[in-house]
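*Asks:* So that we are looking at the same thing, I have put the structure below in structure tokens.
The values are calculated or read from the model by the stated rules, or taken from the named source; none is laboratory data. As the structure is a prediction and not an experimental result, all values here were calculated from the model. Note: ideal-geometry Cβ built from the backbone for every residue, glycine included; neighbour counts use all protein chains shown.
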Amino acid sequence: MTDKIRLENMNVHFGSNHAVKDVTMSMAEHTVTAIIGPSGCGKSTVLRSINRMHDLSPNAKVSGNVFLDDADIYDSSIDPVNIRRRIGMVFQKPNPFPAMSIYDNVIAGYKLNGRMKRDEADSIVESSLKRVALWDEVKDRLKTSATDLSGGQQQRLCIARTIAIHPEVILMDEPCSALDPIATLKIEELIEELKERYTIIIVTHNMQQAGRVSDVTAFFYMGELIELGATKKIFTTPQKKQTEDYITGRFG
Amino acid sequence: MKGDTVFKWVTITFAFTVLLILAVMLGGMVLESFPALKHNGWRFIAGRDWDPVQENFGALSYLYGSVVSSMLALLVAAPLSIGTALFITEILPNRIGNAVSVLIELLAAIPSVIYGLWGVLVMAPWLQSTIQPFLIARLGFTPFFQGAPYGVSMMAAVLILAIMIVPIITAISREVLLAVPQSQKEAAWGLGATRWEMIRIAVLPYARSGIMGAVILGLGRAIGETMAVTMVIGNTPNISLSLLSPAYTMPSVIANEFAETTSKLHAATLMEMGLVLLGVTLLVNILARMMIWSVAGKKWSKA
Amino acid sequence: MSLTLRRFKNHSATLLMAATTAAVLLPLALIFYHILKMGLSSISLDFFTSIPKPTGEVGGGMVNGMAGSAIMIGMASLVGIPIGVLGAIYLVEYAGPRSGTAIRFSADVLAGIPSIITGMVAYILLVAPMKGFSALAGSAALAMIMIPIVLRTTEEQLRMIPGTLREASLALGVPLWRTSLKVVLVSASKGVLTGILLAVARVAGETAPLLFTALGNQFWSSKLTEPMAALPLQIFTFAISPYEDWHRLAWAGALVLVCVMFALSLAARMAGGKRGI
């Protein structure tokens, strides 16, 4: 399997705070990689550097390389807007656009960038919502406000919105932490299906979730990548003591 | 990337237009009043003789008119506003208090010229026919109520100004009062205080500087007020202790003379007056805001 | 101090405060009463269709003033609204702490300047060089009053939009400028519109800045480079005149002005939806 995403000596500074230290890791195509670690270890920071979200923080500085299919996304000739069309992101708290209907939310990635033909839009909306198993629940009220949906439905809507523009990679930043267990289960099942088409990187503070959904797990602590390996192996026979301590719950 | 750069520069340009406008305003006023500053010197503030033909510009009468009308208006408006603000926030139930607050905002929305219209066609004649003769009869022996009842007078200006600045003082005072922490009030309640005592002990001391700020903001508003005052003050440059006597304020003389100045120096002197007006209002506003921020936090106040 | 005395003081204080509130609301009631009474009796179809008649003649109207006001407010809005809104976007999306503070401070200072001085500045900028009073100068003065108000109210509204919305849009590969306009501004549109309508209502009633810019015009004029009539100006001129006829026209004008401002405020409230200002 080829490497879809490769981080090489990546560092992130927020002013004088060295938040992420010299990270080198790669994610293979069509795999689910989980990034775990205690609060403040830099998991989200690492994730956000993959789709150049730190560009928007004035005092954030990302150094090193991040390769998407062997091309460095931080190269000065690259427009971050294009990167974000190939690398999508789902956030911790579901954030559908409140001023838009369910229908418009799904194709927001197109509509905000220009016009779109009606039948093209219809088919994209239907296929995206079907893939997140939301179609049957909302097909009769596509034009109603997205905020009328439950938390779990909203998150699936956000995932539909993300996949509607056909990205190659999906980044998920603790996507289930604001949801109830049933909704969480549905999303985890979804991740299993989505990995056939996309490469997924998921940050989670829930170790059991990492164990359930991911193929590869990366354990971070204090901004450093401590251990990276097949999920089964990390959770049964971790190599580093810190990893073991975290997994056995000695610190959270 | 290109779209973002273009957009950024468009917004920067428009945002800095605000700075540009302020700079042009201040620079323009200073530049244009310069010939007058040189020619008039201190006579401007100390002299009473305002003679455009002879090019003697003593603005003391107008300074007097502005200062006295504003201060007296404050004297009338401040207690009324504070009392009202207290009534709305501490005594009335929330819904009714909000409704009354809305009514008072309505007062703030009335244009100055309409206050002036009502002042000159309703209030001043009423003063002339009813109140002023009464005051002359009973209190005419004091220097404050000497002279004939004209209706249009310092008194009319003070009253109309007071009505006009009440809304702003009340609104800001209300915000300040609402910022008083509940714990302070509860401490007083817990000691068995009556409502008035609670207000006196817990609310007013805490809100004091903020309310003073509100009052000073009202002062700033009063000094700059033009139309309503021009229509009811009589526009005669008197310096007199009598409230019945007509007077003249700085904004009024600018309003009346600027469109038809007799010489460049005349125009420049009016600019000079505008500059004084500008300086005073700026100082007063800044002072007021600092006092309000100390209590209610750095919110953009509805001034 | 005895309890009775304390209670007495409490009740007296409450009464006093109620009295001040009544005293404050009394002029409001009186003014509206008089505007309605005097205005309604002077309003006629003529008022809306004719220009003022020369002194001494009965009748006439203020159509030139109403049209003039509409034109100048329109022109002021054309300039003032984009500058205010886009400037606010700068403050929210791009400005660093120092330029942000500088611009906000300038806007607050501008908002507190007496409007007659704004008129003087517009005179310096547009009347003196053009050697004549004009509607253009009047519109400029009004625009200078509108801009700081629109800027600050728009900024306030834009800041209320949570950052997650911005992030969601950017994560979809939507450039910042489109995000700013089509997501943030659109989400805040109700509140922004309210602020704009209130700013328009404010300049609709302004008289002092027009005194030596637009000057006023007894006759019908739609030329932008010439003096133009405005409703508040006419109310002023007629109110201070010695003619009864003109007084009645002034009342009618006041009624129309108050109705327009009331309509604008009502629209502002309705546009505001849940956040009524």
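*Asks:* Touching a Cys at 6+ places or on another chain (Cβ under 9 Å) and surrounded by 15 or more Cβ atoms within 10 Å (Cβ to Cβ): does that describe A:PRO167?
*Replies:* no
*Asks:* Continuing with this model, one more query. Only one of (1) within 23 Å of A:LYS232 (Cβ to Cβ); (2) touching a residue at least 60 places away in the same chain (Cβ under 8 Å); (3) not aliphatic (A, V, I, L, M) is not met by A:CYS176, so which one is it?
*Replies:* Failing condition for A:CYS176: (2).
*Asks:* Could you tell me which of the residues B:LEU277, B:LEU287, B:LEU270 is of a type in the set (A, V, I, L, M), modelled with pLDDT of 85 or more and over 17 Å from B:THR230 (Cβ atoms)?
*Replies:* Values: B:LEU277 fails: over 17 Å from B:THR230 (Cβ atoms); B:LEU270 fails: over 17 Å from B:THR230 (Cβ atoms).
Step by step, each of B:LEU277, B:LEU287, B:LEU270 is checked, and only B:LEU287 is of a type in the set (A, V, I, L, M), modelled with pLDDT of 85 or more and over 17 Å from B:THR230 (Cβ atoms).
*Asks:* Follow-up question, since we're still on this one. Quick check: anything in segment B:97-113 out of contact with any helix residue (DSSP H, G or I) (no Cβ under 8 Å at 6 or more places or on another chain), more than 29 Å from B:MET212 (Cβ to Cβ) and at pLDDT below 95?
*Replies:* No, segment B:97-113 has no match at all.
*Asks:* Would you point out the residue of segment A:43-59, among those that are modelled with pLDDT under 90 and part of a loop (DSSP other than H, G, I, E, B), that is surrounded by the most Cβ atoms within 10 Å (Cβ to Cβ)?
*Replies:* A:SER57
*Asks:* Is it true that C:SER106 is surrounded by fewer than 24 Cβ atoms within 10 Å (Cβ to Cβ) and facing another protein chain (nearest Cβ under 10 Å)?
*Replies:* yes
*Asks:* What number of residues in segment B:186-230 are surrounded by fewer than 18 Cβ atoms within 10 Å (Cβ to Cβ), under 30 Å from B:LEU63 (Cα atoms) and within 13 Å of chain C (Cβ to nearest Cβ)?
*Replies:* Adding up the residues that qualify gives 0.
*Asks:* Could you please let me know if B:MET250 is on the phi < 0 side of the Ramachandran plot, in contact with a Phe, Trp or Tyr (Cβ under 7 Å, 6 or more places away or on another chain) and not β-branched (Val, Ile, Thr)? Can you show your working first?
*Replies:* Working: on the phi < 0 side of the Ramachandran plot: yes; in contact with a Phe, Trp or Tyr (Cβ under 7 Å, 6 or more places away or on another chain): yes; not β-branched (Val, Ile, Thr): yes.
Taking the combined requirement at face value, the residue satisfies it.
*Asks:* Every residue in segment B:34-87 that is of a type in the set (Val, Ile, Thr) and within 15 Å of the chain's Cα centre (by Cα), please.
*Replies:* Within segment B:34-87, B:VAL67, B:VAL68, B:VAL76 meet the criteria.
*Asks:* Here's a follow-up. Against the definition (in a helix (DSSP H, G or I), away from chain C (no Cβ under 14 Å) and either more than 23 Å from B:ARG200 (Cβ to Cβ) or modelled with pLDDT under 90 (or both)), how does B:LEU63 come out, yes or no? Don't jump to the end; show me each part of the working.
*Replies:* Working: in a helix (DSSP H, G or I): yes; away from chain C (no Cβ under 14 Å): yes; either more than 23 Å from B:ARG200 (Cβ to Cβ) or modelled with pLDDT under 90 (or both): yes.
The answer is yes for B:LEU63.
*Asks:* Additional query: Among the residues of segment C:67-123, which ones are farther than 20 Å from B:THR5 by Cα and not in a helix (DSSP H, G or I)?
*Replies:* Hits for segment C:67-123 are C:GLY112, C:ILE113, C:PRO114.
*Asks:* Still on this model: Pick out the one residue from A:MET89, A:MET100 that is aliphatic (A, V, I, L, M), within 14 Å of chain C (Cβ to nearest Cβ), over 21 Å from the mean Cα position of the chain (by Cα) and crowded, with 18+ Cβ neighbours inside 10 Å.
*Replies:* A:MET100
*Asks:* Residue pairs, Cβ under 7 Å, 6 or more apart or interchain, first in segment C:70-90 and without any contact (Cβ under 8 Å) to a residue 60 or more places away in the chain, second of a type in the set (A, V, I, L, M, F, W, C) and surrounded by fewer than 20 Cβ atoms within 10 Å (Cβ to Cβ). List them.
*Replies:* That search, which allows pairs on different chains as well, returns C:LEU86/B:VAL10; C:TYR90/B:ILE12.
*Asks:* Mind checking which residues of segment A:104-120 are of a type in the set (S, T, N, Q) and under 20 Å from A:ARG141 (Cα atoms)?
*Replies:* A:ASN105
*Asks:* Continuing with this model, one more query. Assess whether A:SER77 counts as being exposed (fewer than 15 other Cβ atoms within 10 Å of the Cβ) and within 14 Å of another protein chain (Cβ to nearest Cβ). First the steps, then the outcome.
*Replies:* Working: exposed (fewer than 15 other Cβ atoms within 10 Å of the Cβ): yes; within 14 Å of another protein chain (Cβ to nearest Cβ): yes.
When the stated conditions are applied, A:SER77 passes them.
*Asks:* Scan the helices (runs of 4 or more DSSP H) fully inside segment C:124-229 and keep the ones with 3 or more residues being within 13 Å of chain B (Cβ to nearest Cβ) and aliphatic (A, V, I, L, M).
*Replies:* Here the list reads C:135-159, C:189-204, C:208-211.
*Asks:* Of all residues in segment C:25-82, how many are under 15 Å from C:PHE238 (Cα atoms), within 14 Å of chain B (Cβ to nearest Cβ) and loosely packed, with under 12 Cβ neighbours inside 10 Å?
*Replies:* Number satisfying all stated conditions: 0.
*Asks:* In addition: So B:VAL102 clears everything in (1) farther than 21 Å from B:GLY218 by Cβ; (2) surrounded by fewer than 15 Cβ atoms within 10 Å (Cβ to Cβ) except one condition, right? Which one?
*Replies:* (1)
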